[in-house]
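Notes follow the structure.
The values are calculated or read from the model by the stated rules, or taken from the named source; none is laboratory data. What you see is a predicted model; the values in this text were computed from it and never measured. No Cβ is skipped: glycine too gets one built from the backbone with ideal geometry, and neighbour counts run over all protein chains shown.
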Amino acid sequence: MRCWRAVLPLLASPALAQPPPSRVFMVGIPAGEPGSHLMGEFTLRSPPLVNGRPSFSRGDAEAIWFAEGAWCVGRVERLGQRTGVMVSTDPRPTPDGISRWAVHLGPKGGAMQLSPAVRCLAGEEGAAAAAAEARELEAQLARLPRTVYIVASKMSRIRREFAGAYHVPRGGALVNRRLVYLREGSVLGGKRVSNNTRMIWQERRAGGAWFVGTARYAGRPMGGVLVVHDPAIGPDKVEGEWKIVGVAAPGATPKSTAAAAAAAAAGQSTQASGARASPKLVAAWQPAPDVRVMSGKAGKTALDRFKVEESIFVSRGAQHSYASNGRRAEGWGRRTAMKRSQGGPSR
């Protein structure tokens, strides 16, 4: 039973003639489309009023609120502002019943577009519609490949450390209602999984973006080393361009930048990695159009090709290192022989 102490302030609002619903449901956008990460159940907040109207939230990530003549759905950090991923100018006192919403298209367009399929419902009707969409989402997740491959055509420390085969763990673990993929050899809940386990996951608070990073950052916004802002239902369905973490700051040298970026890839600070980077260095996303997440036979073939190219790259680097060490050793030997011939100490 609802606590009347919480309801009385709502009834005192000039816009409300009766208590608002305790739950509302956003429905209508299929998984993988812009705004789909905002579908589902929202509960009445406590305290509920924002700008004189009731507000609703889902955890600490998303909310529904009223601002300057419009109902907004988006990140909870925007609460009270006239902005959101979905906006409706319907003036009714509560959002349930609204069926005219404009949806931000994100990377697929970057503008707002009316979506007649989106609705905000309450009561049994809303619960039934949300449950039907949840069942459809489960069916779609069941059809996704259980193995995907991260591949690239360029060589860098981050690309080499995170390229490989990733598998859905036994039981199909979810983060933010999407499948999680773990690096080959990892077992969810087993001893081999640690904070440094490589993972692929989707983050709702980043607008449904897909991330590649370590397990310690899974489920956090902007916590990976690779990111693509695309609401695709699976990482191999992504159409957008991946970005890779880099480090940038005024006056940063290429050496300190590379060291700090490598430390970020390993989930360390620049101090822990021994990099002498400026404390003002910050992570910055850089385009990585050569990075792809693939599935099936094509993905495995692409990964095999990457591994061959990587072995050649490493072999060339080792040969260069051996040659450099040889030249340094040869120089030291010449200096030692010269000093000895002159009767001086060898060091």
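Structure data summary
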item: Selected residue [surrounded by fewer than 22 Cβ atoms within 10 Å (Cβ to Cβ), at pLDDT below 95 and part of a loop (DSSP other than H, G, I, E, B)] from 91, 107; result: 91
item: Members of segment 31-65 that are modelled with pLDDT under 90 and closer than 17 Å to residue 101 by Cβ; result: 33, 34, 35, 36, 37
item: Unique match (being surrounded by 17 or more Cβ atoms within 10 Å (Cβ to Cβ) and in contact with a helix residue (DSSP H, G or I) (Cβ under 7 Å, 6 or more places away or on another chain)) among 137, 121, 144; result: 121
item: Counted residues, segment 59-91 - those being over 25 Å from the mean Cα position of the chain (by Cα) and hydrophobic (A, V, I, L, M, F, W, C); result: 4
item: Whichever residue in segment 220-242 is touching a Pro at 6+ places or on another chain (Cβ under 6 Å) and either buried (at least 17 other Cβ atoms within 10 Å of the Cβ) or charged (D, E, K, R) (or both) and, among such residues, is modelled with the highest pLDDT; result: 241
